[in-house]
Amino acid sequence: MNILLNDEIISRENVMVDIEDRGYQFGDGIYEMIRIYDGLLFEWEAHLERLVRSAKELMIPLPKGMEVLQKNIHLLMKESGVLNGSVYIQITRGVSPRKHHFPENADPVLTAYVREMERPLEQIRNGIKAITTEDIRWLRVDIKSLNLLGNVLAKQKAVEQGASEAILVRGDIVTEASSSNVFAIRGQECFTHPTNQFILNGITRQVVVRLMESTNLTLVETPFTKEALMEMDEVFITNTGLEVCPVIEIDEQLIGDGMPGYYTTQLQKAFETLLLELIPQ
Ligand code: DCS
């Protein structure tokens with residue numbers, strides 16, 4: 001596998017992660033994961049914008065190679081031969097003797113690589129089971145930072161209980177899920193948590209919000225409770241890998257009739273259409 005290190009592409013064996021890289025010691029860094037469909041980067045500008053925003057919020061200077069990032073990612077994709085997959089991009093604050101405050105002379109370190117990935121069609125078609133669990137994360141999860149322990153512990157709990165996603169509840173409010181945004185439909189209203197410091201503003205969420213305009217659904221960006229969630233007709237999650245994925249069971253209770261719902265399916269079709277439009281036939 002080849003890795004982009006700042007503005008150079010080198011083989012994985014030759015990349016050295018310094019033991020005092022702040023990403024490694026403090027989780028002091030940010031990342032993005034971008035989908036590749038048929039050799040094309042999906043929503044590149046939106047991901048880049050979010051990456052730059054995350055850097056700004058954490059006062060991480062943009063690294064060397066940032067201005068040629070898109071070009072280098074394309075080179076990386078070409079060399080990998082991957083047509084369908086994902087790109088992972090990470091920026092850390094850099095290397096410096098371990099002290100909590102920002103180092104004075106560290107250069108940020110950018111790494112990126114490409115991986116092959118299939119669309120998870122089984123989950124997309126049939127839906128997934130989720131659990132609910134307390135949202136124990138910090139209060140700036142709008143920043144896509146490397147600090148993911150709250151997410152990791154929640155996802156692990158879900159997997160241990162035979163589910164594939166953990167829906168996070170702060171107080172009694174549903175925020176998002178361990179690696180996805182949550183939408184819930186009742187009648188013709190589609191509820192989702194507003195974008196603030198309590199959720200990550202998902203790129204797939206943004207796409208789905210746009211696609212919703214072609215349905216009879218009304219978007220309601222307002223906090224809702226776990227109790228309300230359990231009474232919804234349909235629930236679905238969105239992220240870069242799962243796209244629009246129905247949630248058919250939460251805490252061992254069926255949502256609706258336990259099948260992917262009408263509006264969720266409509267949004268999935270709209271998403272498919274969007275992909276077909278993007279990919280030249
Ligand atoms: N919320 C959280 C906590 C996430 O980790 C993610 C995606 C999302 C929402 C959805 O964001 P996107 O629509 O932009 O993907 N997290 C990425 C990750 O860590 N792996 O895959 C996606």
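Here, each number is a calculation from the coordinates, and none is a lab measurement. These numbers were taken from a predicted model, which means no experiment stands behind them. Don't worry about glycine lacking a Cβ; one is built from the backbone with ideal geometry, like all the others, and counts go over all protein chains shown.
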- Message: Can you report the number of residues in the stretch 245-281 which are over 25 Å from residue 232 (Cα atoms) and not hydroxyl-bearing (Ser, Thr, Tyr)?
- Response: 8
- Residues being over 17 Å from residue 266 (Cβ atoms), within 16 Å of the ligand (Cβ to nearest atom) and either in contact (Cβ under 8 Å) with a residue 40 or more places away in the chain or touching a Phe, Trp or Tyr at 6+ places or on another chain (Cβ under 6 Å) (or both): count how many of those fall in the stretch 182-228. 11
- Message: Given (1) more than 17 Å from residue 26 (Cβ to Cβ); (2) in a helix (DSSP H, G or I); (3) touching a residue at least 60 places away in the same chain (Cβ under 8 Å), identify the lone condition not met by residue 71.
- Response: (3)
- List the strands (runs of 3 or more DSSP E) that sit entirely inside the stretch 162-281 and contain at least 2 residues that are more than 23 Å from residue 139 (Cβ to Cβ). 181-186, 189-192, 218-221, 234-239, 243-250
- Task: Answer yes or no: is there a residue in the stretch 10-20 that is in contact with a helix residue (DSSP H, G or I) (Cβ under 9 Å, 6 or more places away or on another chain), of a type outside the set (Phe, Trp, Tyr) and within 16 Å of the ligand (Cβ to nearest atom).
- Result: no
- Query: Name the residues in the stretch 97-133 that are out of contact with any strand residue (DSSP E or B) (no Cβ under 9 Å at 6 or more places or on another chain) and farther than 22 Å from residue 155 by Cβ, would you?
  - Reply: 97, 98, 99, 100, 101, 102, 104, 105
